[in-house]
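These notes are about the structure you will find just below.
Computed from the coordinates by the stated procedures, all read-outs in this text should not be read as laboratory data. Note that this is a predicted model, so its numbers are computed, not measured.
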Amino acid sequence: MQNSTAPAPSQSQLHWPSLSTFLNLRDPKPKPTLLLYSFLFLSLLSLTLILSLSFTSPSPHSGPDPFLHPIFHTHKPSTPSPPSLAYLISGSHGDSPRILRLLRATYHPLNLYLLHLDPSAPHADRDHLALSVQSDPVFKAAQNVHVVGRPDFAYHKGSSPVSLRLHAAAILLRLSQNWDWFVSLAADAYPLVTQDDLLHILSFLPKDMNFVNHSSYIGWKEAKKLKPIIVDPGLYLSEGTEMFYATQKRELPSAYRVFTGSSFSILSRSFMEFCILGEDNLPRILLMYFANTPSSLSNYFPTVLCNARQFNRTVINQNLLYAIHDSHRNDLRPLNSTDFDDMIHSGAVFAQKFQNDDPVLDLIDQKLLGRSPRSIVPGGWCLGEPGNNTCLTWGDAKILRPGTGSQRLEKAIVELLANGTFRSRQCIYE
């Protein structure tokens, strides 16, 4: 097992110029005018019945927090400029401590974060979460962590999880358009690499890539997940109730091909703009179709990607998540210390799901992330003394210090693109 404190791979060790041979992805279409964006944005909101959210964020400051000591570098990094990720971290009743831990484990000042507790959590939990963000000197100085004030319900079986993600992405686009990928994490997920590892590897990849498990083979899901008609109460009720199933069923669509996959994915900003602001009506048509379908989240994004001509060649059929499905419970099996070695060797970026404060999380912090309790994972931007509030002294956030996690991720992606099945697994009708 490699230790995360090993020296970072040099530029010469990364054979990334060869990736262009495998990818050969086209640039996304030119963006439409601002007027058309605004009109279609308002149309999408009315069609999906998504309510406007208010969110609380740290109060504005004219400069860094006085407890932080930024140090600015004038030299340019030798690697490509690192990208930025927009995170939605969501949870339910009692998940406030888990969200804070996950935030600290995935934090980087280049990223943007939106924290969401659903309505089942008491308002006091939401206030405590916002206060914890405001009182942390690093979050306070960077001004990149925001807490949703008016939350949405998100049922696992209905379409409200899709609504939540589209709404969160719209808020993140309103906060900033300087991010490159959208990542939605549940409170029971956890990273297996540092953000320096992840951003370092992503800096060599085209920014329109989408990491989504997908397949056109429906099988048993046709009768259980697609033909039944449901009404998701999360779209119109303020309290959680049972899902309503209609007695009728409907045929599969013929105007487009349905794809299925997993509920987790890493989606490009250009694709999220296409779903929320784009001039093509396909995302809204599919949104209305999946609004009354069980397990909409695992079907919606794969179907939009694979039916959109400008995006169906940007899909990687791998979501970079380590998870074990329990077929008896039709759910993910909780991970523990016995899964640790398999998680490392998988080359995954994230893992799900974990029990609250399971000892394996401490093992991941110690062996993979180098994170001490209640602290942020240190990166190249943290210049303080090790073990003594390392990240209270800032360097250049664009300077990354990747470790062995980047080597594992590099190997996984190179094998994924070089094994001869990259194109043959993209949005294929089976």
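Points to keep in mind about this one:
- Computed over the range 204-287, the percent of Cα pairs more than 14 Å apart is 76.
- Taking 0.890 mPa s as the viscosity and 25 °C as the temperature, the Stokes-Einstein diffusion coefficient of the range 352-396 based on its alpha-carbon Kirkwood radius rounds to 213 µm²/s.
- Placing one equal scatterer on every Cα of the range 313-414 and applying the Debye formula, the log10 ratio I(q)/I(0) at q = 0.15, 0.16 Å⁻¹ is -0.78, -0.86.
- The H on the amide N of Ala348, modeled in the peptide plane, is under 5 Å from the matching H of no residue at least 5 residues off or on a different chain.
- Per principal axis, descending, Cα span of the range 290-355 in whole Å: 42, 28, 16
- Less than 5 angstrom separates the built amide H of Leu185 from those of Leu88, Ile89, Ser90, all sequence-distant by 5 or more or on a different chain.
- Stokes-Einstein diffusion coefficient of the range 115-228, Kirkwood radius over Cα pairs, 10 °C, 1.306 mPa s, in µm²/s: 92
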